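**Q** Have a look at this one before I ask anything.
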Amino acid sequence: MSESEAICCQEPEVDFVVLDRIIHEEFGGRREKMIMMMQTIQRHYRYLPEPALYYLAQVLGVPLTKIYEVATFYASFSLVPKGKHLLHVCTGTACHLRGSGGMVRHVAAKLGIAPGGTTPDMKFTLETVNCLGACAVAPVVVYDDKYYPQANVGKLNEFIEKANAD
Amino acid sequence: MATATSVVPDLAWTKKISSPHELADYRQALLAGMDPDAPCIRVCCGTGCKAVGSLDVLEAMKAAVAAAGVDVKVMPEVKRTGCHGFCSRGPLLTFQPQGLFYQRVTPGDAAEIIQKTAVGGELIPRLLYKPPGAKEPIAKVGDIPFFAKQTKVVLQRVGRIDPFDIRDAIAAGAYEGLAKVLSGMTPQQVIEEIKTSRLRGRGGAGFPTGIKWESCAAQPGRHYVICNGDEGDPGAFMDASVMEGDPHAVLEGMAIAAYAMGSDRGFLYVRLEYPLAVQTLAAAIRQAEDLGLIGRNIMGTDFSFRTSISTGAGAFVCGESSALMSSLEGKVGRPRAKYIRSTEKGFRDSPSNLNNVETYANVPAIILRGGPWYTSYGTERSAGTKVFSLTGNVHNVGLVEVPMGTSLREIVYGIGGGIPNKKELKAVQTGGPSGGCIPIPSKFLDINVGFGKLAEIGSMMGSGGMIVMDENTCMVEVSRYFINFLVEESCGQCTPCREGLTRMKETLTRITVGEGREGDIEMLEEIGTFTNSFSLCGLGTSAANPVLSTIKYFREEYDAHIHDKKCPAGVCKPLFYYEIDPETCTGCGLCRKRCPAAAVEGEKKKPHTIHQELCIKCMECYRSCKFDSIRIK
Ligand SMILES: Cc1cc2nc3c(=O)[nH]c(=O)nc-3n(C[C@H](O)[C@H](O)[C@H](O)COP(=O)(O)O)c2cc1C
Ligand code: FES
């Protein structure tokens, strides 16, 4: 389940005031809340920047390897930046039976990226997710945080065209 | 993901409830202020309906009410609620007091609904539900078979109350069970009541809840009460609907459990993919704390219980009890061997009780109405009701609560309305990714769904996912799908699971692309049996079920893939192609329009053809054809 990408080499700016607020104010600086802290950091930066993880390790007194372990164990974490537009295709059972596998393959082939990957121009990221709890309207995709029920290949082509036109 | 417009009502005007009796007084006061016959329109805002735009409908309805400018007294209140259950017909509206039911409502319908139905008392036929094959639509909720055939215990308030308003929940009876416990039951009496009810865990294994509580209570030290809202089964949403629609039932059940085990601290572990559930639970905790129903000195007694929410981070294995507790501690979720029970040494190495969302949601009703009442539902070995999420190739997709022991036939045909598009029912898959496929048509259609019966035929209850599969489902591909899911979700620490699953995946993938070999089936059986026997945790010990059950019941389909290099169901791409039957093709051009690869060619009103080298086999043409002219070859 882990993502095998290496930690990104470009160092982005991280705002330590933001990190302090997340670590101390929101979660009381508690080691047990590390996963939630990482989620909040990821929501802020849309991925986990390396300097932020160094800082987290230092503040919590946790070896960086432990943080790397958590970041690669859980599927929702990403160590590389995400594209401007995010497409989640549900590959849960209900959606799979209604053809979501074909949609993933279609987008992957069209953009030349694997699920989890981002196009080189950083416009588009393709992700899969296991069930969004909207199985009744399968297959479901989420594009830039909006749910699209009963999606099909044509709909996905529209997203790609729009993203490219940006 | 999209967030709900959550306006949490201000409860500051109410003081804390200072005794269990005062809850009853408060409820009476709430009920006195509510007219049961007052018009009210409930708009379903569960995840399924939200995905098809119910929030827009909610806003449009509110605006339409405001714009209608009729006397406020007769104007219906427009309420947001959790999931009504009938997800495939969303967005849904119900009207009180008449009990009318409108489905597939759009924001554009709002003004008409207010003018015609709310003011004029007239029905709008196009918004009524018409069962498949029926001539006349049905106007009332109570007359629709999908609802009429259900028995609601866990879901009694889901879809009726506004999950963001605790007053609604209290008026409907929330926290009465807790009040009963706190007005004189001893912890031992609570445990006895749960034991009498024969409630079994709804999270998968079906462990007797009363016994679990008893053994946890007997341990020394600080106790923790944990709720498993991880719902990892992809294609199931029972727990989501309970958390989203009636979060107080879960909190109340946890508080009662905490009282029984002498615990003062609880945790709710909720899947990251359920943002709405996190919102409803957080609002519910805050409001219950404000009223003194959760927190310090609950209802003025010595009992204190605080609880908070932790979210998962996208790992199926974290639904397993020891992995979940490790994840709660901020670590990776790797299960540990079962010789140390969590009830002895769990979260923070302390005695911890973990139950599923639905298990807790059953508790208040059992306390209130008694264990014997609960056993009046269900069977000897499986008491009570169970919520299933009915999905796949069935007319009525949604949430279904029935007494344990209800037949598959009743669920799939009676409530589910049968299979759409005149297809044949082929199998029902239960138990999530490590469950099994039950072949149908066969005598199995009449089996009574319960823990024991499903295990007997090689599947399992699991948490209640029920996926209906029609003739266009390839069982080899289904089994590859589940094994692939489990390969990705296996934590990788034990060899049988890690290697066994990987080898099975390789073999199944080969078979589905037409490279199956003689002996593959036997090898799958051998690896599968080994994986199921020697893995460390529940993920591995049930991982081969999808393979073993499909081989057992659908062996001929494996044979067709391996020997004839054919996929009879038309799913495995290299093993079939589509062809248009020139005899029945009317040349309507629908498939040509739908084809995203421009592979269909033909003149209007003349039989069309498919260019095989362009066809991506996406199934669009097959699905869209109204004349059944596209054939799988
Ligand atoms: C791999 C795996 C995944 C599981 N996922 C869940 C889950 O998502 N939700 C759940 O309630 N139980 C899940 N369980 C079952 C739990 O381990 C545990 O038995 C259950 O939460 C106990 O609650 P109950 O007694 O109320 O059923 C899972 C078990 C395994 C082995
Ligand atoms: S399987 Fe896709 S939403 Fe549930």
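The values are calculated or read from the model by the stated rules, or taken from the named source; none is laboratory data. Since this is a predicted model, take the numbers as computed values, not measurements. FYI the Cβ positions are ideal-geometry reconstructions off the backbone, even for glycines, and counts take in every protein chain you see. Side chains are part of the model used for accessible areas, which takes the heavy atoms of the whole protein and leaves out ligands, DNA and RNA. Shrake-Rupley method; radii C 1.70, N 1.55, O 1.52, S 1.80 Å.
**Q** Determine the shape class of segment B:294-406: with a ≥ b ≥ c the square roots of the Cα gyration tensor eigenvalues, call it rounded for a/c under 1.5, and otherwise prolate if a/b is greater than b/c, oblate otherwise.
**A** Since a/c reaches 1.5 but b/c is at least a/b, the shape of segment B:294-406 is classed as oblate.
**Q** State the answer as a single residue: which of B:G587, B:C87, B:G452 lies farthest towards the positive end of the charge dipole of chain B, with beta carbon charges of +1 for Lys and Arg and -1 for Asp and Glu, about the Cα centre.
**A** B:G587
**Q** Can you tell me the order of B:427-433, B:32-38, B:548-554, B:163-169 when each peptide is scored by its average per-residue count of other Cβ atoms within 10 angstrom, highest first?
**A** Going by the mean number of other Cβ atoms within 10 Å, highest first, we get B:427-433, B:163-169, B:548-554, B:32-38.
**Q** Another question, then. Given axes a ≥ b ≥ c from the Cα gyration tensor, I'd like to know whether segment B:82-230 is rounded (a/c under 1.5), prolate (a/b larger than b/c) or oblate.
**A** Note, shape of segment B:82-230 comes out prolate.
**Q** With just the Cα atoms of segment B:385-470, tell me how far they stretch along each of the three principal axes, in Å, largest first.
**A** Projected onto the principal axes, the Cα atoms of segment B:385-470 cover 33, 23, 23 Å.
**Q** Tell me the volume per residue, in Å³, of the convex hull enclosing the alpha carbons of chain A.
**A** So the per-residue hull volume is 124 Å³.
**Q** Additional query: So if I take the centroid of the Cα atoms in segment A:31-90 and the same for segment B:91-142, what is the distance between those two points in Å?
**A** Segment A:31-90 and segment B:91-142 have Cα centres spaced 47 Å from each other.
**Q** Also: Go through B:347-360, B:594-607 and give me the packing order, highest mean Cβ count within 10 Å leading.
**A** So the order, starting with the most tightly packed, is B:347-360, B:594-607.
**Q** Can you bin the protein assembly as shown into rounded, prolate or oblate? Criterion: square roots of the alpha carbon gyration tensor eigenvalues sorted a ≥ b ≥ c, rounded for a/c under 1.5, prolate for a/b above b/c, oblate for the rest.
**A** Rounded.
**Q** Out of B:T301, B:P145, B:A315, whose Cα points farthest toward the positive end of the dipole of the protein assembly as shown (charges: +1 Lys, Arg; -1 Asp, Glu; placed on Cβ)?
**A** B:P145
**Q** Could you pull out every one of the lysines with an alpha carbon less than 19 Å from that of B:K422, ignoring same-chain neighbours closer than 8 positions?
**A** B:K130, B:K135, B:K626
**Q** How high is the relative contact order of segment B:577-632, in percent, with contacts defined as C-alpha pairs under 8 Å that are six or more residues apart?
**A** 46
**Q** What's the magnitude of the charge dipole for segment B:105-181 around its Cα centre, counting Lys and Arg as +1 and Asp and Glu as -1 at the beta-carbon? Answer in Debye, nearest 20.
**A** So the dipole magnitude of segment B:105-181 works out to roughly 320 debye.
**Q** Below 8 Å, C-alpha to C-alpha, sequence gap of six or more: please give me the relative contact order for segment B:547-601 in percent.
**A** Computed over segment B:547-601, the figure is 15 percent.
**Q** Using r as the Cβ-Cβ distance of B:T502 and A:A114, and R0 as 25 Å, what FRET efficiency do you calculate, to the nearest 0.05?
**A** Computed FRET efficiency for B:T502 and A:A114 comes out at 0.85.
**Q** May I pose another question? Which value, in Å², gives the accessible area per residue of the protein assembly as shown when a 1.4 Å probe is used on the protein heavy atoms?
**A** Computed with neighbouring chains in place, this is 39 Å² per residue.
**Q** Okay, next question. State which helices in chain B qualify, where a helix is a whole DSSP H run, it must extend 18 Å or more along its own axis by its Cα atoms, and its mean Kyte-Doolittle hydropathy must be at least -0.5.
**A** B:20-32, B:54-68, B:247-261, B:275-290, B:357-369, B:475-489, B:520-534
**Q** Next up: For segment B:166-375, how big is the tail of P(r) above 30 Å, as a whole percent of Cα pairs?
**A** 13
**Q** Here is a further query. Report the net charge of residues surrounding B:K116, where surrounding means a beta-carbon distance below 14 angstrom and charges are Lys +1, Arg +1, Asp -1, Glu -1.
**A** Net charge around B:K116: -2.
**Q** In nm, to one decimal, how far is the modelled label at B:E471 from the one at B:K633, with both set 7 Å along Cα→Cβ?
**A** 1.9
**Q** May I pose another question? What are the semi-axes of the equivalent ellipsoid for segment B:475-564, taken as the square roots of 5 times the Cα gyration tensor eigenvalues, largest first, in whole Å?
**A** Semi-axes (√(5λ), whole Å): 22, 12, 11.
**Q** Can you grab the distance from the C-alpha centre of segment B:315-333 to the C-alpha centre of segment B:18-59, Å, no decimals?
**A** Measuring centre to centre over Cα atoms gives 35 Å.
**Q** Can you pull the mean other chain C-beta count within 10 Å for peptide B:43-53?
**A** Counting other chains' Cβ atoms within 10 Å and averaging over B:43-53 gives 5.
**Q** Still on this structure: Starting from the amide H of B:I440, placed 1.01 Å from N in the peptide plane, find each other amide H under 5 Å away whose residue is 5 or more places distant or on another chain.
**A** Amide H neighbours of B:I440: B:A427, B:V428.
**Q** Take peptides A:131-144, A:73-86 and line them up by average Cβ neighbours within 10 Å, highest first, as a rough protection proxy.
**A** A:131-144, A:73-86
**Q** Moving on. Quick one: what are the phi-derived ³J(HN,Hα) couplings along segment A:19-25, Karplus 6.51/-1.76/1.60 with θ = phi - 60°, whole Hz, x for glycine and proline?
**A** In residue order, the calculated couplings are 4, 4, 4, 5, 5, 8, 6 Hz.
**Q** Roughly how many percent of the accessible protein surface of chain B is carbon and sulfur, given a 1.4 Å probe and a whole-percent answer?
**A** With neighbouring chains kept in place, the figure for chain B is 52 percent.
**Q** Here is a follow-up. How many Cβ atoms of partner chains, on average, are near each residue of B:233-240 if near means within 10 Å of its Cβ?
**A** If you average over the peptide's residues, the count of other-chain Cβ atoms is 6.
**Q** Using label points projected 7 Å from each Cα along Cα→Cβ, tell me how many nm separate B:T186 and B:A134, to one decimal.
**A** Placing both labels 7 Å along Cα→Cβ, they lie 5.3 nm apart.
**Q** Separate question: Rg/Rh for chain B: what does it come to with C-alpha atoms and Rh from Kirkwood?
**A** 0.99
**Q** Now for a separate question. When the expected Rg is taken as 2.2 N^0.38 Å, what fraction or multiple of it is the alpha-carbon Rg of segment A:68-113?
**A** Relative to the rule-of-thumb radius for its length, segment A:68-113 sits at 1.40.
**Q** What's the magnitude of the charge dipole for chain B around its Cα centre, counting Lys and Arg as +1 and Asp and Glu as -1 at the beta-carbon? Answer in Debye, nearest 20.
**A** Computed about the Cα centre, the dipole is about 260 debye.
**Q** Output the pairs from B:K453/B:K552; A:K82/B:K50; A:K155/B:K617; A:K110/B:K617; B:K505/B:K566 with a Cα-Cα distance over 23 Å in this structure; if there are none, say none.
**A** Where the Cα-Cα span goes over 23 Å, the pairs concerned are A:K82/B:K50.
**Q** Counting only C-alpha contacts under 8 Å and six or more residues apart, can you give the relative contact order of chain A as a whole percent?
**A** 20
**Q** Compute the Rg/Rh shape ratio of segment B:551-633: radius of gyration over Kirkwood radius, all on alpha-carbon atoms.
**A** Reported Rg/Rh (Cα atoms, Kirkwood Rh): 1.05.
**Q** A follow-up question, please. Using protein heavy atoms only (no ligands, DNA or RNA), what is the total accessible area buried between B and A, 1.4 Å probe, nearest 100 Å²?
**A** Rounded to the nearest hundred, the buried surface is 4000 Å².
**Q** How shielded is A:95-103 by partner chains, expressed as the average number of their Cβ atoms within 10 Å of its Cβ atoms?
**A** Mean number of neighbouring Cβ atoms from other chains: 6.
**Q** Assigning unit charges at the beta carbon (Lys, Arg +1; Asp, Glu -1) and nothing else, what dipole magnitude in debye, to the nearest 20, does segment B:351-490 show about its Cα centre?
**A** 240
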